[in-house]
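Structure record follows, encoded as structure tokens.
The values are calculated or read from the model by the stated rules, or taken from the named source; none is laboratory data. As the structure is a prediction and not an experimental result, all values here were calculated from the model. Cβ coordinates were reconstructed from backbone atoms using ideal geometry, including for glycine residues, and neighbour counts include every protein chain displayed. Side chains are part of the model used for accessible areas, which takes the heavy atoms of the whole protein and leaves out ligands, DNA and RNA. Shrake-Rupley method; radii C 1.70, N 1.55, O 1.52, S 1.80 Å.
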Amino acid sequence: MRANLLQLLTRNWPIKGAALFLALMLYVAVQLQQPVTTSFDVTLNIQLPPGRALLHKPPKVRVQISGKGTQILKLRSLAGDITRRVPDTLTASTWSVRLDPTDVELALPKGADVRVMEIRPSEITLALDSVARKDVRIVSLVTVVPESGQFLQGGLLMAPTVARLVGPEKSLAAIESVTTIPTEITNVVGAFTRNVPIDTMPLGIVRLSPKQVTVTGDMGVLAERSFAGVPVETGAGAITSFIVTPPRVSVAVRGPEQRVQALTRDSIRVVAHITRADAGGGLARITVIAPRGITARAIPDSVTLRRRTPTRRG
């Protein structure tokens, strides 16, 4: 009886073994297609501004992931970490980090058919060492080099004019202002705008905001014009005690086009200043008085003086 049973079990055993193996593999394959939930530890990476430090190490973050067994097996472990950057301008001693499933999804392998179910903890408050803040003025080191026949009208405007510094209180006490990087603006016509960085090299571990300023300006056109026959006078009026040679001169003016075109002969005065004189006369240097922003020169730039002979009465 036993012999028959043993013979029955061992009959066609290779076929039976293969069938059993296939059945087992089929079971495993089916199970791998079933939803599976598992958890991984992820590192929270905190990037700090220069000069700041965490008082405590960030906690471990636990991530729960769901997906097919085959996908979970491919992961084995969750590579990468979650990175957060502390703002440069933060002055508080605590900073809260809120975590979202999308933060982890970015670290998953491309094409992974899994879903992030939960992140624990979802919000973390970090303790940092204390810092101070200070507002200082920004000094512009920007210069404009006009092209020939142009000028910068209205000056160079800069915004903002104040920067906020964040850092150790002792470091801030030594800083009264910051400057832009020395910058030369050339080859501009009409209105222009430039973004210029603030020089952070002297600040060391001190941070500032903003890191750049915006400068604006407007280039105008210069014009020239001449006025002939302008009388030479003293500061108090016409010269009466001397005969002036020549009594009238030409004046060349230069300035913003609109202002130059609006000038008249009455807008300018030619004043003589005696530089050398004797009993018979002398020499006078000429100064042209013109409206502000207008340059002017006389042609010629000096005149001769001959004292008038008193008239005798009969």
Practice task
Would you check if there is a residue in the range 228-237 being touching a Leu at 6+ places or on another chain (Cβ under 9 Å) and either open to solvent by less than 80 Å² (accessible area, probe 1.4 Å) or closer than 30 Å to Arg285 by Cβ (or both)?
Solution key: no
Exercise for the section: Please go through the range 197-227 and pick out each residue that is of a type in the set (A, V, I, L, M), touching a helix residue (DSSP H, G or I) at 6+ places or on another chain (Cβ under 6 Å) and open to solvent by less than 40 Å² (accessible area, probe 1.4 Å). Expected result: Val206, Ala223
Exercise for the section: Just name the residue that is modelled with the lowest pLDDT out of those in the range 84-109 that are surrounded by 13 or more Cβ atoms within 10 Å (Cβ to Cβ) and among the β-branched types (Val, Ile, Thr). Expected result: Val104
Exercise for the section: Say whether the condition of being in contact (Cβ under 8 Å) with a residue 24 or more places away in the chain and farther than 30 Å from Pro49 by Cβ is met by at least one residue in the range 204-211. Expected result: no
Exercise for the section: Considering (1) open to solvent by 70 Å² or more (accessible area, probe 1.4 Å); (2) at pLDDT 95 or above, say which one Gln153 fails and leave the rest. Expected result: (2)
Exercise for the section: Name every residue in the range 54-82 that is at pLDDT below 85 and within 29 Å of the chain's Cα centre (by Cα), in order of residue number. Expected result: Ile82
Completion exercise
Inside the range 160-186, the number of residues satisfying the requirement of being open to solvent by 60 Å² or more (accessible area, probe 1.4 Å) and part of a strand (DSSP E or B) is 3
Practice task
Determine which single condition Arg133 fails, assuming it passes every other condition in (1) assigned to a strand (DSSP E or B); (2) closer than 30 Å to Arg259 by Cβ.
Solution key: (2)
Handout entry: Any hit, the range 187-196, residues being surrounded by 14 or more Cβ atoms within 10 Å (Cβ to Cβ), assigned to a loop (DSSP other than H, G, I, E, B), more than 19 Å from the chain's Cα centre (by Cα) and among the aliphatic types (A, V, I, L, M)
Key = yes
Exercise for the section: Confirm whether Thr193 is over 23 Å from Arg292 (Cβ atoms), in contact with a strand residue (DSSP E or B) (Cβ under 6 Å, 6 or more places away or on another chain) and polar (S, T, N, Q). Expected result: yes
Exercise for the section: Among the residues of the range 110-122, count how many are modelled with pLDDT of 80 or more and either open to solvent by less than 30 Å² (accessible area, probe 1.4 Å) or under 18 Å from Pro58 (Cβ atoms) (or both). Expected result: 4
